[in-house]
Amino acid sequence: MKKGILLSLLALSLLAGCSGGGTQNANSGSGGQGEGSAVELTFWRPQASEVEDNVYVKRIEEFNQANKGKIHVKMEVITRGNSFAYEDKINAAVASHTLPDVLAMDGPNIANYAASEIIIPLDEYFSKEDLDDFVPSILQQGSYQGKFYAPGLNESSVVLFYNKKIMAEHGITPPDKIENAWTWDDWYDVMKKTSKDGVFGTNMINDKGEWMTYAFEQLWISGGTDIVNKEGTTAEGFVNSPQGVEAAGFLQKLANEKLFNIDPKPTEFEEGKAATKLGGPWNIPGFKNYPDLEWGITYFPKKPGGIQTAPSGSWAVGVSADSKHPKEAAEVIKWITNKDSSTQLAQAISMPASRKSAFESLTEYNELPLRIIKEQVTGVSHARPVTPAYPVLTQKFAEALTDIMVGADVKKSLDNVASTYDEEYKRNFAE
(Lines give C-alpha, C1' and ligand atoms only; values in the text may rest on other atoms or scores of the structure.)
Protein backbone atom coordinates (compact mmCIF):
# COMPACT_ATOMS: atom_id res chain seq x y z
CA MET A 1 0.00 0.00 0.00
CA LYS A 2 1.53 3.33 -1.05
CA LYS A 3 1.00 6.59 0.78
CA GLY A 4 -0.05 8.25 -2.46
CA ILE A 5 -3.33 6.33 -2.42
CA LEU A 6 -4.36 8.42 0.58
CA LEU A 7 -4.39 11.60 -1.50
CA SER A 8 -7.17 10.47 -3.81
CA LEU A 9 -9.18 8.49 -1.26
CA LEU A 10 -9.41 11.20 1.38
CA ALA A 11 -10.63 13.61 -1.26
CA LEU A 12 -13.75 11.42 -1.43
CA SER A 13 -14.31 11.25 2.31
CA LEU A 14 -17.51 12.83 3.63
CA LEU A 15 -16.31 13.75 7.10
CA ALA A 16 -18.69 14.41 9.99
CA GLY A 17 -16.23 16.00 12.36
CA CYS A 18 -15.00 19.33 13.61
CA SER A 19 -15.15 22.59 11.70
CA GLY A 20 -14.12 26.19 12.11
CA GLY A 21 -11.01 28.30 11.73
CA GLY A 22 -8.02 29.63 13.62
CA THR A 23 -4.56 28.68 14.80
CA GLN A 24 -3.12 28.35 18.29
CA ASN A 25 0.52 27.73 19.20
CA ALA A 26 1.38 27.34 15.52
CA ASN A 27 4.44 25.32 14.63
CA SER A 28 5.61 23.37 11.60
CA GLY A 29 7.78 20.34 11.11
CA SER A 30 8.19 17.27 13.29
CA GLY A 31 10.34 16.57 16.30
CA GLY A 32 13.27 18.55 17.61
CA GLN A 33 14.74 20.05 20.75
CA GLY A 34 13.07 22.90 22.62
CA GLU A 35 12.57 24.19 26.13
CA GLY A 36 16.24 23.58 26.90
CA SER A 37 16.93 19.86 26.72
CA ALA A 38 13.27 18.86 26.37
CA VAL A 39 12.10 16.90 23.37
CA GLU A 40 9.89 19.23 21.33
CA LEU A 41 6.85 17.69 19.65
CA THR A 42 4.17 18.99 17.31
CA PHE A 43 0.46 18.14 17.44
CA TRP A 44 -2.05 18.91 14.67
CA ARG A 45 -5.80 18.83 14.97
CA PRO A 46 -8.70 20.59 13.21
CA GLN A 47 -10.33 23.49 14.98
CA ALA A 48 -13.54 22.76 16.83
CA SER A 49 -15.84 24.89 18.98
CA GLU A 50 -14.28 27.38 21.37
CA VAL A 51 -15.22 25.31 24.41
CA GLU A 52 -13.65 22.17 22.93
CA ASP A 53 -10.53 24.02 21.82
CA ASN A 54 -10.11 25.36 25.34
CA VAL A 55 -10.06 21.84 26.80
CA TYR A 56 -7.16 20.87 24.52
CA VAL A 57 -5.26 24.08 25.24
CA LYS A 58 -5.62 23.48 28.98
CA ARG A 59 -4.62 19.83 28.83
CA ILE A 60 -1.56 20.49 26.64
CA GLU A 61 -0.46 23.28 28.97
CA GLU A 62 -0.81 20.88 31.89
CA PHE A 63 1.14 18.20 30.04
CA ASN A 64 3.97 20.62 29.32
CA GLN A 65 4.06 21.66 32.96
CA ALA A 66 4.04 18.07 34.19
CA ASN A 67 6.85 17.17 31.77
CA LYS A 68 8.89 20.36 32.04
CA GLY A 69 12.47 19.80 30.93
CA LYS A 70 11.56 16.46 29.34
CA ILE A 71 8.83 16.90 26.70
CA HIS A 72 7.26 20.05 25.28
CA VAL A 73 4.31 20.01 22.87
CA LYS A 74 3.32 22.74 20.44
CA MET A 75 -0.24 22.35 19.21
CA GLU A 76 -1.35 23.67 15.85
CA VAL A 77 -5.08 24.02 15.32
CA ILE A 78 -5.83 23.89 11.61
CA THR A 79 -8.37 26.28 10.13
CA ARG A 80 -11.10 24.46 8.24
CA GLY A 81 -12.34 27.16 5.88
CA ASN A 82 -13.57 24.33 3.67
CA SER A 83 -14.41 20.71 4.46
CA PHE A 84 -11.03 19.34 3.42
CA ALA A 85 -8.55 22.02 4.56
CA TYR A 86 -7.27 19.79 7.35
CA GLU A 87 -7.00 16.73 5.12
CA ASP A 88 -5.28 18.82 2.42
CA LYS A 89 -2.63 19.87 4.94
CA ILE A 90 -2.05 16.28 5.96
CA ASN A 91 -1.80 15.17 2.32
CA ALA A 92 0.82 17.84 1.64
CA ALA A 93 2.77 16.79 4.73
CA VAL A 94 2.62 13.13 3.67
CA ALA A 95 4.16 14.03 0.33
CA SER A 96 6.94 16.11 1.90
CA HIS A 97 7.50 13.89 4.97
CA THR A 98 6.73 16.78 7.33
CA LEU A 99 3.92 15.30 9.34
CA PRO A 100 3.67 16.34 12.98
CA ASP A 101 4.56 13.93 15.75
CA VAL A 102 0.93 13.64 16.87
CA LEU A 103 -2.04 14.07 14.58
CA ALA A 104 -5.79 13.88 14.94
CA MET A 105 -7.92 11.95 12.44
CA ASP A 106 -11.56 11.08 12.02
CA GLY A 107 -12.20 7.57 13.32
CA PRO A 108 -13.25 5.90 10.05
CA ASN A 109 -9.99 7.06 8.43
CA ILE A 110 -7.70 5.30 10.94
CA ALA A 111 -7.47 2.15 8.82
CA ASN A 112 -6.53 4.22 5.77
CA TYR A 113 -3.80 6.02 7.69
CA ALA A 114 -2.54 2.71 9.10
CA ALA A 115 -2.53 0.92 5.74
CA SER A 116 -0.80 3.94 4.20
CA GLU A 117 1.90 3.75 6.91
CA ILE A 118 1.18 7.32 7.95
CA ILE A 119 0.71 6.34 11.60
CA ILE A 120 2.41 3.68 13.69
CA PRO A 121 1.02 1.01 16.06
CA LEU A 122 0.82 2.00 19.72
CA ASP A 123 0.46 -1.42 21.37
CA GLU A 124 3.85 -1.27 23.10
CA TYR A 125 2.96 2.04 24.75
CA PHE A 126 -0.41 1.06 26.25
CA SER A 127 -0.80 -1.54 28.98
CA LYS A 128 -3.61 -4.09 28.71
CA GLU A 129 -5.28 -2.44 31.73
CA ASP A 130 -5.14 0.93 30.01
CA LEU A 131 -6.59 -0.41 26.76
CA ASP A 132 -9.34 -2.26 28.61
CA ASP A 133 -10.48 1.06 30.09
CA PHE A 134 -11.54 2.32 26.65
CA VAL A 135 -15.11 1.48 25.67
CA PRO A 136 -15.13 -1.47 23.21
CA SER A 137 -16.11 0.58 20.16
CA ILE A 138 -13.06 2.83 20.60
CA LEU A 139 -10.76 -0.19 20.49
CA GLN A 140 -12.61 -1.46 17.42
CA GLN A 141 -12.36 1.89 15.67
CA GLY A 142 -8.69 2.37 16.56
CA SER A 143 -7.40 -1.07 15.54
CA TYR A 144 -6.32 -2.34 12.13
CA GLN A 145 -5.13 -5.85 11.26
CA GLY A 146 -4.66 -6.78 14.91
CA LYS A 147 -2.73 -3.67 15.96
CA PHE A 148 -3.90 -0.63 17.89
CA TYR A 149 -3.16 2.72 16.23
CA ALA A 150 -5.30 5.52 17.61
CA PRO A 151 -7.47 5.99 20.72
CA GLY A 152 -10.59 8.13 20.48
CA LEU A 153 -10.77 11.51 22.17
CA ASN A 154 -14.41 10.99 23.09
CA GLU A 155 -17.27 8.77 21.93
CA SER A 156 -20.65 9.36 20.29
CA SER A 157 -23.94 7.54 19.94
CA VAL A 158 -27.29 7.72 18.19
CA VAL A 159 -30.47 7.31 20.23
CA LEU A 160 -34.15 7.66 19.52
CA PHE A 161 -35.43 10.92 20.98
CA TYR A 162 -39.16 11.14 21.51
CA ASN A 163 -41.68 13.89 22.14
CA LYS A 164 -43.26 13.12 25.53
CA LYS A 165 -46.46 15.01 24.79
CA ILE A 166 -47.07 13.17 21.52
CA MET A 167 -46.29 9.82 23.14
CA ALA A 168 -48.77 10.55 25.95
CA GLU A 169 -51.48 11.58 23.49
CA HIS A 170 -51.24 8.15 21.86
CA GLY A 171 -50.77 6.12 25.04
CA ILE A 172 -47.23 5.11 24.09
CA THR A 173 -44.59 4.37 26.74
CA PRO A 174 -41.07 4.17 25.25
CA PRO A 175 -38.82 1.54 26.88
CA ASP A 176 -36.21 2.56 29.46
CA LYS A 177 -34.62 -0.88 29.82
CA ILE A 178 -32.35 -2.13 27.08
CA GLU A 179 -33.88 -5.61 27.07
CA ASN A 180 -37.19 -4.00 26.12
CA ALA A 181 -35.78 -1.82 23.33
CA TRP A 182 -38.15 -1.24 20.43
CA THR A 183 -37.79 -3.42 17.38
CA TRP A 184 -38.14 -2.03 13.86
CA ASP A 185 -41.73 -3.26 13.94
CA ASP A 186 -42.42 -1.49 17.25
CA TRP A 187 -40.91 1.72 15.92
CA TYR A 188 -42.91 1.39 12.71
CA ASP A 189 -46.12 1.03 14.72
CA VAL A 190 -45.24 4.15 16.71
CA MET A 191 -44.58 6.06 13.50
CA LYS A 192 -47.89 4.92 12.00
CA LYS A 193 -49.82 6.05 15.08
CA THR A 194 -48.14 9.44 15.38
CA SER A 195 -47.69 10.41 11.72
CA LYS A 196 -50.72 12.67 11.22
CA ASP A 197 -51.89 16.28 11.40
CA GLY A 198 -48.64 17.66 9.98
CA VAL A 199 -46.45 15.52 12.23
CA PHE A 200 -44.02 12.93 10.86
CA GLY A 201 -43.50 9.67 12.69
CA THR A 202 -39.78 10.28 12.85
CA ASN A 203 -36.96 12.56 11.84
CA MET A 204 -33.94 10.55 10.78
CA ILE A 205 -32.04 12.39 8.04
CA ASN A 206 -29.25 14.59 9.42
CA ASP A 207 -27.55 14.73 6.04
CA LYS A 208 -27.24 12.52 2.98
CA GLY A 209 -23.52 11.96 3.34
CA GLU A 210 -21.59 10.39 6.21
CA TRP A 211 -24.69 10.29 8.42
CA MET A 212 -26.21 7.61 6.19
CA THR A 213 -23.36 5.21 6.98
CA TYR A 214 -22.89 6.30 10.59
CA ALA A 215 -26.54 5.75 11.48
CA PHE A 216 -27.96 3.12 9.14
CA GLU A 217 -25.09 0.61 8.98
CA GLN A 218 -26.46 -0.49 12.35
CA LEU A 219 -29.53 -1.97 10.65
CA TRP A 220 -27.19 -4.43 8.92
CA ILE A 221 -25.35 -5.17 12.17
CA SER A 222 -28.62 -5.75 14.02
CA GLY A 223 -29.45 -8.32 11.36
CA GLY A 224 -26.25 -10.24 12.10
CA THR A 225 -24.12 -8.99 9.22
CA ASP A 226 -22.39 -5.76 8.16
CA ILE A 227 -21.87 -3.76 4.98
CA VAL A 228 -18.40 -5.36 4.51
CA ASN A 229 -16.81 -8.48 5.93
CA LYS A 230 -14.87 -8.35 9.22
CA GLU A 231 -11.55 -8.00 7.40
CA GLY A 232 -12.90 -5.16 5.27
CA THR A 233 -11.79 -6.88 2.07
CA THR A 234 -15.17 -7.34 0.39
CA ALA A 235 -18.71 -5.97 0.41
CA GLU A 236 -20.15 -8.67 -1.86
CA GLY A 237 -22.51 -10.86 0.13
CA PHE A 238 -22.60 -8.36 2.98
CA VAL A 239 -24.01 -4.98 2.00
CA ASN A 240 -26.23 -6.78 -0.55
CA SER A 241 -26.95 -9.85 1.60
CA PRO A 242 -30.56 -10.90 2.29
CA GLN A 243 -30.27 -9.14 5.67
CA GLY A 244 -29.00 -6.04 3.90
CA VAL A 245 -31.83 -6.08 1.40
CA GLU A 246 -34.27 -6.41 4.30
CA ALA A 247 -32.68 -3.47 6.15
CA ALA A 248 -32.70 -1.19 3.12
CA GLY A 249 -36.20 -2.36 2.29
CA PHE A 250 -37.34 -1.27 5.74
CA LEU A 251 -35.99 2.23 5.09
CA GLN A 252 -37.70 2.30 1.71
CA LYS A 253 -40.97 1.24 3.31
CA LEU A 254 -40.81 4.15 5.75
CA ALA A 255 -40.06 6.51 2.87
CA ASN A 256 -42.87 5.13 0.67
CA GLU A 257 -45.37 5.60 3.49
CA LYS A 258 -44.03 9.11 4.12
CA LEU A 259 -43.36 8.40 7.79
CA PHE A 260 -40.34 10.70 7.67
CA ASN A 261 -39.34 13.74 5.69
CA ILE A 262 -36.43 12.97 3.37
CA ASP A 263 -35.55 16.68 3.28
CA PRO A 264 -36.38 17.78 6.83
CA LYS A 265 -35.98 21.18 8.39
CA PRO A 266 -33.12 20.88 10.91
CA THR A 267 -35.43 21.76 13.83
CA GLU A 268 -38.37 19.57 12.77
CA PHE A 269 -38.34 17.53 15.98
CA GLU A 270 -37.70 20.51 18.22
CA GLU A 271 -40.72 22.29 16.72
CA GLY A 272 -43.01 19.33 17.42
CA LYS A 273 -43.26 18.30 13.75
CA ALA A 274 -41.81 14.82 14.33
CA ALA A 275 -42.78 12.40 17.09
CA THR A 276 -39.35 10.76 17.28
CA LYS A 277 -35.86 11.58 16.08
CA LEU A 278 -32.69 9.61 15.41
CA GLY A 279 -30.01 11.89 16.77
CA GLY A 280 -27.18 12.16 19.22
CA PRO A 281 -25.91 13.94 22.31
CA TRP A 282 -24.91 16.91 20.15
CA ASN A 283 -28.62 17.68 19.70
CA ILE A 284 -29.35 18.01 23.41
CA PRO A 285 -27.83 21.46 24.10
CA GLY A 286 -30.09 22.94 21.40
CA PHE A 287 -33.26 21.57 22.98
CA LYS A 288 -33.14 24.30 25.61
CA ASN A 289 -34.02 26.81 22.90
CA TYR A 290 -37.45 25.15 22.60
CA PRO A 291 -39.08 25.49 26.02
CA ASP A 292 -42.30 23.81 24.84
CA LEU A 293 -40.41 20.64 23.88
CA GLU A 294 -40.65 17.83 26.43
CA TRP A 295 -38.26 15.16 25.27
CA GLY A 296 -37.03 11.75 26.32
CA ILE A 297 -34.55 9.17 25.07
CA THR A 298 -34.96 5.52 24.23
CA TYR A 299 -32.68 3.00 22.55
CA PHE A 300 -31.64 2.67 18.92
CA PRO A 301 -34.27 0.31 17.42
CA LYS A 302 -33.18 -3.24 16.59
CA LYS A 303 -34.31 -5.86 14.10
CA PRO A 304 -36.97 -8.21 15.54
CA GLY A 305 -34.98 -11.04 17.11
CA GLY A 306 -31.78 -9.26 16.14
CA ILE A 307 -28.75 -7.77 17.86
CA GLN A 308 -29.06 -4.66 19.99
CA THR A 309 -26.58 -2.16 18.62
CA ALA A 310 -25.94 1.55 18.20
CA PRO A 311 -23.70 3.83 16.14
CA SER A 312 -20.41 5.13 17.50
CA GLY A 313 -17.34 7.00 16.39
CA SER A 314 -15.08 9.89 17.23
CA TRP A 315 -11.97 11.79 16.30
CA ALA A 316 -8.82 10.01 17.41
CA VAL A 317 -5.10 10.69 17.78
CA GLY A 318 -2.08 8.79 16.55
CA VAL A 319 1.70 9.02 16.24
CA SER A 320 2.94 9.77 12.73
CA ALA A 321 5.56 7.64 11.02
CA ASP A 322 7.59 10.83 10.52
CA SER A 323 8.04 11.37 14.25
CA LYS A 324 11.62 11.04 15.48
CA HIS A 325 10.34 10.65 19.04
CA PRO A 326 7.53 8.06 18.96
CA LYS A 327 7.89 7.13 22.64
CA GLU A 328 7.44 10.73 23.76
CA ALA A 329 4.65 11.29 21.23
CA ALA A 330 2.85 8.27 22.65
CA GLU A 331 3.06 9.88 26.10
CA VAL A 332 1.20 12.89 24.71
CA ILE A 333 -1.51 10.64 23.31
CA LYS A 334 -1.85 8.77 26.59
CA TRP A 335 -2.24 12.09 28.39
CA ILE A 336 -4.87 13.64 26.13
CA THR A 337 -6.94 10.43 26.14
CA ASN A 338 -6.53 9.53 29.84
CA LYS A 339 -9.34 9.51 32.40
CA ASP A 340 -8.98 13.19 33.28
CA SER A 341 -8.88 14.36 29.67
CA SER A 342 -11.77 12.09 28.71
CA THR A 343 -13.85 13.39 31.62
CA GLN A 344 -13.11 17.06 30.98
CA LEU A 345 -13.84 16.80 27.26
CA ALA A 346 -17.10 14.93 27.86
CA GLN A 347 -18.23 17.59 30.31
CA ALA A 348 -17.30 20.42 27.97
CA ILE A 349 -18.93 19.19 24.76
CA SER A 350 -21.85 17.12 26.11
CA MET A 351 -20.62 13.96 24.44
CA PRO A 352 -20.01 10.58 26.10
CA ALA A 353 -16.53 9.70 27.26
CA SER A 354 -14.22 7.26 25.49
CA ARG A 355 -13.07 5.73 28.79
CA LYS A 356 -15.16 3.60 31.12
CA SER A 357 -13.48 5.12 34.19
CA ALA A 358 -14.49 8.64 33.13
CA PHE A 359 -18.12 7.77 33.70
CA GLU A 360 -17.34 7.52 37.44
CA SER A 361 -17.25 11.32 37.49
CA LEU A 362 -20.01 11.80 34.92
CA THR A 363 -22.83 11.01 37.33
CA GLU A 364 -25.45 12.55 35.04
CA TYR A 365 -25.10 9.37 32.95
CA ASN A 366 -26.39 7.25 35.83
CA GLU A 367 -29.95 8.56 35.49
CA LEU A 368 -32.44 8.93 32.67
CA PRO A 369 -32.31 10.18 30.02
CA LEU A 370 -28.49 10.04 29.66
CA ARG A 371 -28.31 6.53 31.13
CA ILE A 372 -29.56 5.28 27.75
CA ILE A 373 -26.52 6.81 26.03
CA LYS A 374 -24.11 5.34 28.59
CA GLU A 375 -25.63 1.86 28.23
CA GLN A 376 -25.24 1.99 24.46
CA VAL A 377 -21.69 3.39 24.53
CA THR A 378 -20.36 0.98 27.14
CA GLY A 379 -22.24 -2.12 26.05
CA VAL A 380 -23.62 -2.41 22.53
CA SER A 381 -22.06 0.19 20.19
CA HIS A 382 -20.29 -0.76 16.97
CA ALA A 383 -17.76 1.34 15.07
CA ARG A 384 -18.05 1.94 11.36
CA PRO A 385 -16.22 -0.55 9.08
CA VAL A 386 -12.48 -0.72 9.67
CA THR A 387 -11.15 -0.60 6.13
CA PRO A 388 -8.62 1.59 4.29
CA ALA A 389 -11.20 1.97 1.51
CA TYR A 390 -13.77 3.48 3.84
CA PRO A 391 -14.00 6.82 1.98
CA VAL A 392 -15.25 5.03 -1.13
CA LEU A 393 -17.52 2.74 0.88
CA THR A 394 -19.30 5.52 2.74
CA GLN A 395 -19.79 7.62 -0.37
CA LYS A 396 -21.34 4.79 -2.37
CA PHE A 397 -23.40 3.48 0.54
CA ALA A 398 -24.84 6.93 1.23
CA GLU A 399 -25.70 7.41 -2.44
CA ALA A 400 -27.41 4.02 -2.58
CA LEU A 401 -29.53 4.59 0.53
CA THR A 402 -30.60 8.00 -0.74
CA ASP A 403 -31.60 6.45 -4.07
CA ILE A 404 -33.45 3.63 -2.31
CA MET A 405 -35.40 6.09 -0.21
CA VAL A 406 -36.70 7.76 -3.36
CA GLY A 407 -37.67 4.49 -5.00
CA ALA A 408 -34.63 2.85 -6.59
CA ASP A 409 -34.44 -0.93 -6.79
CA VAL A 410 -33.04 -2.11 -3.45
CA LYS A 411 -31.01 -5.12 -4.61
CA LYS A 412 -29.54 -3.42 -7.68
CA SER A 413 -28.52 -0.39 -5.65
CA LEU A 414 -26.76 -2.52 -3.04
CA ASP A 415 -25.16 -4.71 -5.71
CA ASN A 416 -23.63 -1.56 -7.17
CA VAL A 417 -22.16 -0.61 -3.78
CA ALA A 418 -20.64 -4.09 -3.46
CA SER A 419 -19.09 -4.16 -6.92
CA THR A 420 -17.72 -0.61 -6.70
CA TYR A 421 -16.20 -1.18 -3.29
CA ASP A 422 -14.69 -4.54 -4.19
CA GLU A 423 -13.07 -3.12 -7.31
CA GLU A 424 -11.62 -0.24 -5.30
CA TYR A 425 -10.26 -2.53 -2.61
CA LYS A 426 -8.69 -4.96 -5.08
CA ARG A 427 -7.12 -2.14 -7.06
CA ASN A 428 -5.52 -0.33 -4.14
CA PHE A 429 -5.34 -2.58 -1.09
CA ALA A 430 -5.30 -6.27 -2.01
CA GLU A 431 -1.99 -7.97 -1.27
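If the limit is 19 Å between Cα atoms, which of Lys193/Lys277; Lys128/Lys374; Lys196/Lys288 go over it?
Distance filter (> 19 Å) returns Lys128/Lys374; Lys196/Lys288.
Computed from backbone phi, the HN-Hα couplings of the stretch 414-431 come to 6, 4, 5, 4, 4, 5, 5, 5, 4, 5, 4, 5, 4, 5, 10, 10, 5, 6 Hz, rounded to whole numbers (Karplus: 6.51 cos²θ - 1.76 cosθ + 1.60, θ = phi - 60°; Gly and Pro given as x). Contact order, relative form, for the stretch 90-238: 12 percent (alpha carbon pairs under 8 Å, 6 or more residues apart, mean separation divided by residue count).
Dipole orientation for the chain: of the candidates Thr98, Thr213, Leu362, Thr213 has the Cα lying most toward the positive pole (charges on Cβ; Lys, Arg +1; Asp, Glu -1).
Counting every C-alpha pair in the stretch 88-211, the share spaced more than 20 angstrom apart comes to 62%. Note that the chain presents 39 Å² accessible area per residue, ligands and nucleic acids not counted, probe 1.4 Å. Per residue of the chain, the DSSP helices (runs of n ≥ 4 H) give a summed -39500 (n - 2.57) that works out to -11500 deg cm²/dmol at 222 nm. Only one residue of Thr234, Gly198, Phe161 has its Cα farthest out toward the positive end of the dipole of the stretch 131-270, where Lys and Arg carry +1 and Asp and Glu -1 on Cβ, and that residue is Gly198.
Multiplying the residue separation of Tyr290 and Thr98 by 0.36 nm and subtracting their alpha-carbon distance yields 64.4 nm. Would the stretch 208-334 count as rounded, prolate or oblate if I go by the C-alpha gyration tensor, calling it rounded below 1.5 in a/c and otherwise prolate when a/b exceeds b/c, oblate otherwise? It is oblate, given that a/c is not under 1.5 and a/b is not larger than b/c. The aspartates and glutamates within cross-link reach of Lys208, meaning a Cα-to-Cα straight distance under 12 Å and a gap of 8 or more places when in the same chain, are Asp263, Glu399, Asp403.
The HN-Hα couplings worked out from phi for the stretch 159-165 by the Karplus form 6.51 cos²θ - 1.76 cosθ + 1.60 (θ = phi - 60°) are 10, 9, 6, 9, 8, 4, 5 Hz, whole numbers, x standing for Gly and Pro. Placing +1 on each Lys and Arg Cβ and -1 on each Asp and Glu Cβ, with no other charges, gives the stretch 218-334 a dipole about its Cα centre of roughly 160 debye. Here the contact order of the chain, divided by its residue count and restricted to Cα pairs under 8 Å and six or more residues apart, works out to 26 percent. Scaled against 2.2 N^0.38 Å for its residue count N, the alpha carbon radius of gyration of the chain is 0.98. In this structure Ser314 has an accessible area near 10 Å², from a 1.4 Å probe over the protein heavy atoms. Modelled label positions at Val57 and Lys426, each set 7 Å beyond Cα in the direction of Cβ, lie 5.2 nm from each other. Here's how it looks for Asn203: its modeled amide H is under 5 Å from those of Thr276, Lys277, Leu278, which are all 5 or more places away or on a different chain. Phi angles of the stretch 107-117 translate, via the Karplus equation with coefficients 6.51, -1.76, 1.60 and θ = phi - 60°, into HN-Hα couplings of x, x, 8, 4, 4, 5, 5, 5, 5, 7, 6 Hz per residue; Gly and Pro are given as x.
Step through the table entries Lys265/Lys426; Lys192/Lys356; Lys74/Lys356, compare each Cα-Cα distance with 31 Å, and write down the pairs that go over it. Walk me through the intermediate numbers first.
Numbers: Lys265/Lys426 40 Å; Lys192/Lys356 38 Å; Lys74/Lys356 29 Å.
Violating the 31 Å Cα-Cα cut-off are Lys265/Lys426; Lys192/Lys356.
Which shape class applies to the stretch 164-218: rounded if a/c is under 1.5, otherwise prolate when a/b exceeds b/c and oblate if not, where a ≥ b ≥ c are the square roots of the Cα gyration tensor eigenvalues? Judged from the Cα gyration tensor, the stretch 164-218 comes out oblate (a/c at least 1.5, b/c at or above a/b). Around the Cα centre of the chain, unit charges on the Cβ atoms of Lys, Arg, Asp and Glu (plus for the first two, minus for the last two) sum to a dipole of about 120 debye. Against the criterion of solvent-accessible heavy-atom surface with a 1.4 angstrom probe, His170, His72 sort, most first, into His170, His72.
I need the shape label for the stretch 141-280. Rule: rounded when a/c is under 1.5, else prolate if a/b > b/c, else oblate, with a, b, c from the alpha carbon gyration tensor.
Values: a/c = 2.01, a/b = 1.70, b/c = 1.19.
Prolate shape, in that a/c is at least 1.5 and a/b is the bigger ratio.
P(r) tail for the stretch 347-399: Cα pairs beyond 16 Å make up 52% of the total.
In straight-distance terms, cross-link reach from Lys302 covers every one of the aspartates and glutamates whose alpha-carbon lies under 18 Å from its own, apart from those fewer than eight places away in the same chain; here that gives Asp176, Glu179, Asp185, Asp186, Asp189, Glu217, Asp226, Glu246, Glu375.
The values are calculated or read from the model by the stated rules, or taken from the named source; none is laboratory data. These figures come from a predicted structure and were not determined experimentally. Neighbour counts run over all protein chains shown; Cβ positions are idealised from the backbone, glycine included. Accessible surface is based on the protein model in full, side chains and every heavy atom, while ligands, DNA and RNA are left aside. Shrake-Rupley method; radii C 1.70, N 1.55, O 1.52, S 1.80 Å.
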